[in-house]
């Protein structure tokens, strides 16, 4: 039979382990709701339109053009956000996907940033926007895609990666999805 002190130690250790797991789950749940300790993200503008290019003797070509203006406000310390965008597995600043009722083809995707106190930091070939504490960075994201006529498309930013110091090996993540307006290709 175990001694009462040993039983208490074991129960206390199990309770502490469970508490650590619950705290980790709470952090993930808050991030999914858009609650982040270091940044606040606000979608300020979203537009989507369908443009058709007509050339005599050739079939019409159409493209969906999406524009998102996202303001990122730093809270208590500076953050570094990569000025890159991707729709694949590469870790970049803005991870997005095109969602729709038909297949699409990305033709271009661009991101730029401006704001008072916002500076650019270059590490090798990587560009970062450095947002000092309390600053607002205005990120403008433009995506052009080709798709099928009669189908509807939208852009969803699934994750924004950022660092607290440029030397960090790991990225912090803002994981609340940011969804653009929809456009029907007609």
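Summary table below
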quantity: Which numbered condition residue 117 fails, given (1) modelled with pLDDT under 85; (2) in a loop (DSSP other than H, G, I, E, B); calculated: (1)
quantity: Residues (at pLDDT below 90 and either within 17 Å of residue 141 (Cα to Cα) or crowded, with 18+ Cβ neighbours inside 10 Å (or both)) located in segment 72-89; calculated: 83, 84, 85, 86, 87, 88
quantity: Enumeration of residues in segment 43-61 that are in contact (Cβ under 8 Å) with a residue 40 or more places away in the chain and over 27 Å from the mean Cα position of the chain (by Cα); calculated: 61
quantity: Residues (touching a strand residue (DSSP E or B) at 6+ places or on another chain (Cβ under 8 Å) and assigned to a helix (DSSP H, G or I)) located in segment 1-42; calculated: 31
quantity: Residue within segment 130-140 that is assigned to a strand (DSSP E or B), in the same structural domain as residue 65 (by TED's automatic domain parsing) and closer than 12 Å to residue 94 by Cα present; calculated: yes
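The values are calculated or read from the model by the stated rules, or taken from the named source; none is laboratory data. Everything quoted here is computed from the prediction, not taken from an experiment. Heads up, the Cβs are rebuilt from the backbone with ideal geometry, glycines too, and the neighbour counts pull from every protein chain shown.
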